[in-house]
Amino acid sequence: MKKMLILLAAFTLTAGAASAQTQPTKPAQAQTQRGKKSADQRTKKTPEQRAEARAANLSKSLGLNAEQTEKVRQLHLTHVKEMDAVRAKDIENHQKGKATRDRHEAQLKTILTADQYAKYEQQRTERMANRKGGRMKVRG
């Protein structure tokens with residue numbers, strides 16, 4: 001009985017010591033409240049750069065052909081410019097922005113195949129779910 005009690009005490013101490021060890025953490029990125037990068041960390045990209053980056057990303061992840069990639073790039077460029085105009089006017093009524101997003105989604109759906117659009121929707125849903133603060137709602 002005494003040996004069993006000593007063995008139990010040794011096991012408890014060992015388990016406690018093992019659980020107390022922590023793994024080194026990654027250095028925290030300097031971010032402001034709500035997960036946004038501070039002004040000195042982000043670079044302002046032109047609408048053309050943003051459209052090109054988004055088209056390249058979708059081309060890679062969805063396996064778009066050259067024609068689809070160019071159409072998506074043009075669509076994103078138009079969308080980015082429209083959204084920049086909406087933001088510049090500081091419109092409190094978000095209906096105009098929503099209509100632009102809905103039109104963009106409808107046009108994108110005509111460019112992509114059914115499988116590509118399903119994959120795009122899944123990626124968008126995951127992106128929205130992973131956003132810090134949960135600000136954006138996933139449209140369905």
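Read the figures in this text as sums done on the coordinates, not as results from a lab. Source: prediction; values computed, not measured.
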Q.
Taking the alpha-carbon distance from K98 and a cut-off under 19 Å, which aspartates and glutamates remain once sequence neighbours fewer than 8 residues away in the same chain are dropped?
A. E82, D84, D90, E121
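Send over the Kirkwood Rh of segment 43-131, from the inverse of the averaged 1/r over different Cα pairs, rounded to one decimal Å.
Details: mean 1/r = 0.0723 Å⁻¹.
Every distinct Cα pair counted, the radius reaches 13.8 Å.
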